[in-house]
Amino acid sequence: MDLIYAEATPPGRGGVSIVRISGNGARQLAERLGGALPEARRTYLRRLVEDGEVLDQAMLIRFDEKASFTGEECVELHLHGAPVVVRRVARALERGGARLAEAGEFSRRALLNGRMDLVEVEGLGDLLAAETEAQRQLAMRTASGELAQRAVGWREKLIRAGALIEASVDFADEDVPDDVPAEVFDLVGQLIVELQRELAGFQAAERVRLGFEVAIIGPPNAGKSTLMNRLADRTVALVSEIAGTTRDVIEMRYDLNGLAVTFLDTAGLREAGDAIEAMGIGLARDRARLADLRIHLSPDGGRVDDLWQEGDLLVRSKADLSVGGTGLMISAAAGDGLDDLLAELSDRLRQRVSQAGVISHDRQRQEIALAVDSLNSVAGQPAELAAEHIRAAAASLDRLLGRIGSEDYLDVIFASFCIGK
């Protein structure tokens, strides 16, 4: 493969900038600039020199082939964190035969060289994109190989079941134990239960990875935009005494006790006064219907009946202007009751993710679902057909790990990676 390089730290001024080099000739190129690097995984302080010009004084670390992140010969250059230093060293690397890596190319090489499997790559991508603690934890479980280890265990059971069936076919006239069919069906039954458990936790895990959407809905002038601004701690939505001020759906990302939540401020729900407001109300209803949860906000604590779903929150607004009342009450203008509202919202969303599994990508869900379908077809089949269904389930797990048929997914997966990873 080509000799590639990229800055592994964020571009811009900082204390240290790390530039990675990977591919055949990485050590030779680094030593041409910085001198001998005799031992791998040792740190060397070197002056980087090109044609007699000192480029920087840097720390260099080299990694042998099959013992690096990419599985190739690699070198890291720890430079002073000035953009001009990085640019100057980059020109020297390019003159030495290296090219700038594409987004995700280091991770792609790690996959192709067997240093990572496909689900670990997806976990790494999720980790790089993580915004909240819950997203980090989920991504670490996948990136560290938890799902891959489970998939290997599932596949071992399939191999055992397949071998028992093959033996019953190949040696039908010989002494085959009578309990072979029973063990096969027992293994298949165990696998179906385990795989269905993973599928059951998919939706919750996907919401952790992508984040929840919470729509704030209610009549005009209920305080929806005021609540949105209070949550954002800045003005993100116009607030006016004129009913129908909000027309578009306004979104705001929020870290709710480690869960990623996008709050949606929507148009006041009423009979529209003009065509533009009608479009805004229609959009509000569509987004609210698809949201994970709705906050029904109104001065009287009522709800929007046609949008009500189990798990929604009823919240009474403008509590500073009213006397009495029960349930959740807030004054977004004064900030009263917001802690109680967020605590209740957090509890409800936490309950939804309490059973989250490891699979959080639809690709992963599809492969496991295909494996379950194949295994459900084993019962009542003759040995030859049962063996074929078991092989189909094993192929689904191989695709899950990227051992076969992963090429179609790679460009999509690595499109979200940064250059240098």
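The values are calculated or read from the model by the stated rules, or taken from the named source; none is laboratory data. What you are looking at is a predicted structure, and each value in this text was computed from that prediction instead of being measured. Note that we place each Cβ from the backbone using ideal geometry, even for glycine, and neighbour counts take in every protein chain shown.
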Gln135 being free of Cβ contacts under 8 Å to residues at least 24 places away in the same chain and out of contact with any Ser or Thr (no Cβ under 6 Å at 6 or more places or on another chain): no
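Of the residues that make up segment 384-400, is at least one at pLDDT below 90 and surrounded by fewer than 19 Cβ atoms within 10 Å (Cβ to Cβ)? Please lay out each step first, then the result.
Residues of segment 384-400 at pLDDT below 90: 384-387.
Filter once more, keeping what is surrounded by fewer than 19 Cβ atoms within 10 Å (Cβ to Cβ): 384-385.
Yes, there is a match, as at least one residue in segment 384-400 is at pLDDT below 90 and surrounded by fewer than 19 Cβ atoms within 10 Å (Cβ to Cβ).
Run down Ala58, Ala8 and say which single residue is surrounded by 19 or more Cβ atoms within 10 Å (Cβ to Cβ) and at pLDDT below 95.
On the way: Ala58 fails: at pLDDT below 95.
Answer to the check: Ala8.
How many residues are part of a strand (DSSP E or B) and surrounded by fewer than 15 Cβ atoms within 10 Å (Cβ to Cβ) if we restrict to segment 22-53?
Of all residues in segment 22-53, those part of a strand (DSSP E or B) come to 22, 43-50, 53.
Now narrow it down to the ones that are surrounded by fewer than 15 Cβ atoms within 10 Å (Cβ to Cβ): 43, 45, 47, 53.
Within segment 22-53, residues that are part of a strand (DSSP E or B) and surrounded by fewer than 15 Cβ atoms within 10 Å (Cβ to Cβ) number 4.
State yes or no: is Ile18 closer than 15 Å to Gly420 by Cβ, β-branched (Val, Ile, Thr), at pLDDT 95 or above and buried (at least 20 other Cβ atoms within 10 Å of the Cβ)? If you could, list the steps in order and put the result at the bottom.
On the way: closer than 15 Å to Gly420 by Cβ: yes; β-branched (Val, Ile, Thr): yes; at pLDDT 95 or above: yes; buried (at least 20 other Cβ atoms within 10 Å of the Cβ): no.
When the stated conditions are applied, Ile18 does not pass them.
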Gly97 among the small types (Gly, Ala, Ser), in a loop (DSSP other than H, G, I, E, B) and either surrounded by fewer than 18 Cβ atoms within 10 Å (Cβ to Cβ) or not assigned by TED's automatic domain parsing to the domain that holds Ser22 (or both): yes
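I want to confirm something. Restricting to segment 191-225 and keeping residues that are among the polar types (S, T, N, Q) and assigned to a helix (DSSP H, G or I), which single residue is nearest to Ser331 (Cα to Cα)?
Ser225
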Selection status of Glu73, touching a strand residue (DSSP E or B) at 6+ places or on another chain (Cβ under 8 Å) and under 21 Å from Arg108 (Cβ atoms): yes
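Listed here are the residues, each with its yes/no results for (1) modelled with pLDDT of 95 or more; (2) surrounded by 22 or more Cβ atoms within 10 Å (Cβ to Cβ); (3) within 30 Å of the chain's Cα centre (by Cα); (4) over 30 Å from Ser374 (Cβ atoms).
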residue	(1), (2), (3), (4)
Gln149	no, no, yes, no
Asp170	no, no, no, no
Asp178	no, no, no, no
Val184	no, yes, no, no
Gln203	no, no, yes, no
Arg207	no, no, yes, no
Pro220	no, no, no, yes
Per-region count, segment 20-58, residues touching an Asp or Glu at 6+ places or on another chain (Cβ under 9 Å) and aromatic (Phe, Trp, Tyr): 0
Meets criteria (surrounded by fewer than 19 Cβ atoms within 10 Å (Cβ to Cβ) and at pLDDT 90 or above) for Arg197: yes
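Check Asp320, Asp300 and return the single one that is in a helix (DSSP H, G or I) and without any contact (Cβ under 8 Å) to a residue 24 or more places away in the chain. Steps first, answer last, please.
Numbers: Asp300 fails: in a helix (DSSP H, G or I).
Just one listed residue meets the conditions, Asp320.
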Residue in segment 55-74 that is within 16 Å of Gly420 (Cβ to Cβ) and of a type in the set (Val, Ile, Thr) present: yes
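Output the number of residues of segment 54-76 satisfying the condition of being of a type outside the set (A, V, I, L, M) and assigned to a loop (DSSP other than H, G, I, E, B). So that I can check it myself, show each step before the final result.
Restricting attention to segment 54-76, the residues satisfying the condition of being of a type outside the set (A, V, I, L, M) are 56-57, 62-66, 68-74, 76.
From the residues that got through so far, the ones that are assigned to a loop (DSSP other than H, G, I, E, B) too are 64-66, 68-73.
Of the residues in that region, 9 qualify.
Filter segment 323-363 down to residues that are assigned to a loop (DSSP other than H, G, I, E, B) and either among the basic types (Lys, Arg) or more than 30 Å from Ala143 (Cα to Cα) (or both), then give me how many there are. Give the derivation first.
Restricting attention to segment 323-363, the residues satisfying the condition of being assigned to a loop (DSSP other than H, G, I, E, B) are 323-327, 330, 332-335, 337, 354-361.
Next, from what is left, pick out any that are either among the basic types (Lys, Arg) or more than 30 Å from Ala143 (Cα to Cα) (or both): 323-327, 330, 332-335, 337.
Looking only at that region, the number is 11.
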Segment 128-140, residues that are part of a helix (DSSP H, G or I) and buried (at least 19 other Cβ atoms within 10 Å of the Cβ): Ala134, Gln135, Leu138, Ala139
Cβ pairs under 7 Å, 6+ apart, first in segment 142-154 and touching a residue at least 60 places away in the same chain (Cβ under 8 Å), second of a type in the set (Val, Ile, Thr): Thr142/Val119; Thr142/Val358; Glu146/Val358; Leu147/Val119; Leu147/Val358; Leu147/Ile359; Ala148/Val119
